[in-house]
Amino acid sequence: MKIIAITAQILTAVTLLWLGLSRFLHLVADVPLRCIAQQSVATIFLSRYIALLLGLQLLGSLLLLVGRWNVLALVLLGPIVLNIVLFHLFMGPGSFIFALLLALLESGAIWICRRYLDSTFHFEKKVNPL
């Protein structure tokens, strides 16, 4: 089980590191997009939001590759992976399978670290003594 967790974390980190670096260093050619996806991506790339998003993506993937602060890395990368999945689901359905595989890897890595996140999801009813 530990081998599966480490493999999921490494594959997630390498994938997101490659995606982040390819946007910063222009390692891959820009693929022409269709209609609404092109407008959405152009708006995001023209704003400074993309620098923050890619910076958090690179930070999270590097933390996950190093093997320290895995929970922090997964918390940083969770919303980014969700954003990727929703983008491919609604605007670019042709490559949705790759986004789904990335989401499954991220979910598996989060499932392995669930004991550290357990207190986040348990809500106890506090009794007021007054």
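The values are calculated or read from the model by the stated rules, or taken from the named source; none is laboratory data. Please read all numbers here as calculations on a predicted model, not as lab measurements. Don't worry about glycine lacking a Cβ; one is built from the backbone with ideal geometry, like all the others, and counts go over all protein chains shown. Quick note on the areas: whole protein, heavy atoms, side chains included, nothing else; ligands and nucleic acids left out. Shrake-Rupley method; radii C 1.70, N 1.55, O 1.52, S 1.80 Å.
Below is a table of values for the structure above.
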| quantity | calculated |
| --- | --- |
| Condition met for Ile84 (buried (at least 18 other Cβ atoms within 10 Å of the Cβ) and more than 14 Å from Ala13 (Cβ to Cβ)) | yes |
| Scan of the range 87-107 for residues that are polar (S, T, N, Q) and either more than 25 Å from Ile3 (Cα to Cα) or open to solvent by less than 40 Å² (accessible area, probe 1.4 Å) (or both), ordered by number | Ser95 |
| Exclusive hit being among the β-branched types (Val, Ile, Thr), in a helix (DSSP H, G or I) and at pLDDT below 85, set Ile36, Ile80, Ile97 | Ile36 |
| Residues of the range 108-130 that turn out to be open to solvent by 70 Å² or more (accessible area, probe 1.4 Å) and either at pLDDT 70 or above or not in a loop (DSSP other than H, G, I, E, B) (or both), as a count | 8 |
| Tally of residues being touching a residue at least 12 places away in the same chain (Cβ under 8 Å) and more than 13 Å from Leu64 (Cβ to Cβ) across the range 5-24 | 4 |
| Pair list, Cβ under 9 Å, 6 or more apart: the range 47-71 residue touching a residue at least 60 places away in the same chain (Cβ under 8 Å), other residue assigned to a helix (DSSP H, G or I) and exposed (fewer than 15 other Cβ atoms within 10 Å of the Cβ) | Asn70/Tyr116 |
